[in-house]
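Worksheet for the structure shown next.
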Amino acid sequence: EDQVTQSPEALRLQEGESSSLNCSYTVSGLRGLFWYRQDPGKGPEFLFTLYSAGEEKEKERLKATLTKKESFLHITAPKPEDSATYLCAVQAGYSGAGSYQLTFGKGTKLSVIP
Amino acid sequence: EAGVTQSPTHLIKTRGQQATLRCSPISGHTSVYWYQQALGLGLQFLLWYDEGEERNRGNFPPRFSGRQFPNYSSELNVNALELEDSALYLCASRPGGVNEQFFGPGTRLTVL
């Protein structure tokens, strides 16, 4: 069974204080690992897809990295508008029913204090 | 390009009633996924529709059902509502041959 564990559950940062969020996973052959941002009461917003160990993707103050067992979302010099819940999801690589289905972690709630 | 849309935004029902939630995917996307996000829980996969067919369902009882129409829009039906069905129901769409799913704003279902 595919599993995704995110840590910490919640993180409070001062504005400008860089940090990292962790996503560890077990999956039967990784097709892709996805990061989403979710604001309260809204749908998740797609951020990144990572496909293989060593891959990195960047967007503004966010950088996502991938190893064979975990992914990190690095936040550099965060601003209050970066406050949100960040979700990690994996997609298994087998074909047939279940293909492309996402298994999500419970998320990390990030609060950036001015 | 318009995103995934869902209706209604909020839905209030009483226990035992039926709820119908609707989703319109991004134009050109043929797959639609439904997820439940209950308070304190992560997104739980409900159903996957592709080209009008149900392709897979998550670990939910049969009273959760749905369908996909010829225009690829989708409907989620929840029968015999229970209090624990209260949650944010999210729809996502995906074009063929692409891995990423794009989410709508969700429908907040409250069961009293």
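The values are calculated or read from the model by the stated rules, or taken from the named source; none is laboratory data. Keep in mind that this is a model prediction, so the values were computed, not measured. Cβ placement follows ideal geometry from the backbone for every residue including glycine, while neighbour counts extend to all protein chains displayed. What goes into the accessible areas is simple: the full protein's heavy atoms, side chains included, and nothing from ligands, DNA or RNA. Shrake-Rupley method; radii C 1.70, N 1.55, O 1.52, S 1.80 Å.
Here is the interface size for B with A: some 1700 Å² of accessible area buried, both sides summed, with a 1.4 Å probe. Which lysines, if any, have their Cα less than 27 Å from the Cα of residue A:42, not counting same-chain residues under 8 positions apart? The qualifying lysines are A:57, A:59, A:63, A:79, A:106, A:109, B:13. With a cut-off of 11 Å between beta carbons, the residues surrounding residue A:65 carry a summed charge of -2, where Lys and Arg count +1 and Asp and Glu -1.
May I ask for the net charge around residue B:73, where only other residues with Cβ less than 14 Å from the Cβ of residue B:73 are counted and Lys, Arg are +1 while Asp, Glu are -1? Before the final figure, lay out the partial values.
Values: positive: B:22, B:67; negative: B:50, B:51, B:75.
With Lys, Arg at +1 and Asp, Glu at -1, the neighbours total -1.
Surface analysis of chain A yields an accessible area of 49 Å² per residue, using protein heavy atoms and a 1.4 Å probe.
The GNM of chain B, with springs linking C-alpha atoms under 10 angstrom apart, assigns the highest mean-square fluctuation among B:19, B:80, B:38 to B:80.
Per residue, how large is the accessible surface of region B:1-92? Use a 1.4 angstrom probe and give square angstrom. Walk me through the intermediate numbers first.
Working: 4460 Å² over 92 residues.
Accessible area per residue: 49 Å².
How large, in percent, is the carbon and sulfur part of the accessible surface of region A:1-57 at a probe radius of 1.4 Å? Percent of accessible area from carbon and sulfur atoms in region A:1-57: 44.
Would you mind calculating the relative contact order of region B:1-106 from Cα pairs under 8 angstrom and at least 6 residues apart, reporting the percent as a whole number? Walk me through the numbers before you get to the answer.
Working: 240 pairs, mean separation 36.6, N = 106.
Over region B:1-106, the number comes to 35 percent.
Threshold 20 Å², probe 1.4 Å: give the residues of region B:96-112, in number order, that are less accessible with all protein chains present than with their chain alone. Flagged in region B:96-112: B:99, B:100, B:101, B:102, B:103, B:105. For chain B, modelled as a GNM whose springs connect Cα atoms under 10 angstrom apart, the maximal fluctuation among B:59, B:71, B:99 occurs at B:99.
Between the amide H of residue A:43 and any residue lying 5 or more places away or on another chain, no distance stays under 5 Å, with hydrogens modeled in the peptide plane. Counting DSSP beta bridges with both partners in the protein assembly as shown, what percentage is antiparallel, nearest 5? Bridges in the protein assembly as shown are about 90 percent antiparallel.
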